[in-house]
Amino acid sequence: MDKFIYKKSAGITALSASITDFTYKKHSHKEYAIGVTLRGIQHYNLDGSLQLSYQNGIMLFNPEQAHDGMAHDEEGLDYVMLYIEPQLLIEVIEKKDLVRFTTPIVYDYRIEQRILNLSNAILSEKDEALCSELLLSLADSLIQTNLSTDCKKDNAPIRKAKEMFHTYLDNVLKLDEICKELNLSKFQFIRLFKAHTGISPYQYFLNCKIERAKQLIEKNGDIYSAVADCGFVDLTHLNKHFKSVYGITAFEYMSHVK
């Protein structure tokens with residue numbers, strides 16, 4: 001049976017998941033995602049290549065790195081994941097710019113234990129101060145193993161397009177207006193955006209709406225204002241898209257983060 005438990009503390013979201021049949025739709029997160037495969041094999045496509053994370057595998061996702069996800073076989077999969085805001089990680093590791101993981105999966109017992117310590121503390125609702133200390137410990141171990149290097153920034157048109165997407169989150173995607181602003185044809189833009197992000201403009205825009213709804217639910221605990229503010233037709237519409245990215249509906253998520 002598929003099971004997803006989310007908790008949030010000290011600016012970090014922790015997920016404990018068990019998957020048998022569920023498949024994540026291709027999506028990306030604005031956060032860093034760092035997790036451990038506890039049982040089974042995690043099967044996902046990242047940057048156009050297949051990745052398999054076996055038991056004890058540490059999965060490292062950069063912000064806005066498009067991926068899907070599923071259990072590799074009928075044995076299913078258990079894993080934990082931490083979602084860390086880019087600004088928070090930059091603050092912890094005392095860098096000025098975003099850093100990027102250059103290896104998608106590693107096997108390192110010390111890092112694994114620190115991920116598990118932090119995820120367990122958040123999921124069992126320990127004090128925020130403890131969670132912050134455990135995040136610092138995890139960040140230090142990531143830096144020491146040189147996993148975080150290779151700065152990479154969007155080019156100007158992609159950056160401009162993303163900014164415009166965020167101005168339309170309560171509405172439909174106005175592709176013609178974006179293309180006119182960038183002086184590109186619709187098909188030039190779609191091709192360029194997909195080449196840089198691994199995801200189509202529409203998928204990216206929909207992801208932004210879903211993430212914005214998630215933030216509003218966490219902040220206000222009002223699911224219906226999230227539906228309205230993010231331009232979803234109704235709660236069913238939001239729930240459907242939310243589940244494809246987070247494994248549970250927006251309504252269920254609200255009860256997790258209350």
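The values are calculated or read from the model by the stated rules, or taken from the named source; none is laboratory data. Predicted, not measured: the structure shown is a model, and the values here were computed from it. Virtual Cβ from ideal backbone geometry, glycine too; neighbours counted across all protein chains shown. Ligands, DNA and RNA are stripped out before the accessible areas are found, and what is left, the full protein with its side chains, is counted by its heavy atoms. Shrake-Rupley method; radii C 1.70, N 1.55, O 1.52, S 1.80 Å.
Per the Debye formula on identical point scatterers at the alpha carbon atoms of the range 28-93, with no solvent, log10 I(q)/I(0) at q = 0.17, 0.23 Å⁻¹ is -0.60, -0.96. Near A14: Cβ cut-off under 9 Å, other residues only, Lys/Arg at +1 and Asp/Glu at -1. The net charge is +2. Measuring nothing but protein heavy atoms, the accessible surface of the chain at 1.4 Å probe radius is 50 percent carbon and sulfur. Rounded to the nearest whole angstrom, the semi-axes of the ellipsoid equivalent to the range 90-191, taken from the Cα gyration tensor as √(5λ), stand at 38, 18, 12, largest first.
List, in the order given, every pair from K30/K96; K30/K126; K3/K214; K95/K126; K30/K214 whose Cα-Cα distance in the structure shown is over 20 Å. Cα-Cα > 20 Å for K30/K126; K95/K126; rest within. For the chain, the share of alpha carbon pairs falling in successive 10 Å distance bins from zero is 7, 29, 36, 23, 5, 0 percent. Using a probe of 1.4 Å on the protein chains alone, the accessible area found for E163 is around 110 Å². Over the chain, dividing the summed -39,500 (n - 2.57) contributions of all DSSP H runs of at least 4 residues by the number of residues returns a 222 nm mean residue ellipticity of -14500 deg cm²/dmol. Distant-in-sequence amide contacts of D108, defined by a placed amide H-H separation under 5 Å and a gap of 5 or more residues or a different chain, comprise I58. Note on the range 1-149: percent of Cα-Cα distances in each 5 Å bin, starting at 0 and stopping at the bin with the largest distance, equals 2, 10, 20, 25, 22, 14, 6, 1, 0. Here the Karplus curve 6.51 cos²θ - 1.76 cosθ + 1.60, taken at θ = phi - 60°, turns the phi angles of the range 85-90 into couplings of 4, x, 5, 5, 5, 4 Hz, with x standing for Gly and Pro. Accessible surface for the chain, divided over its residues, is 49 Å² per residue with a 1.4 Å probe.
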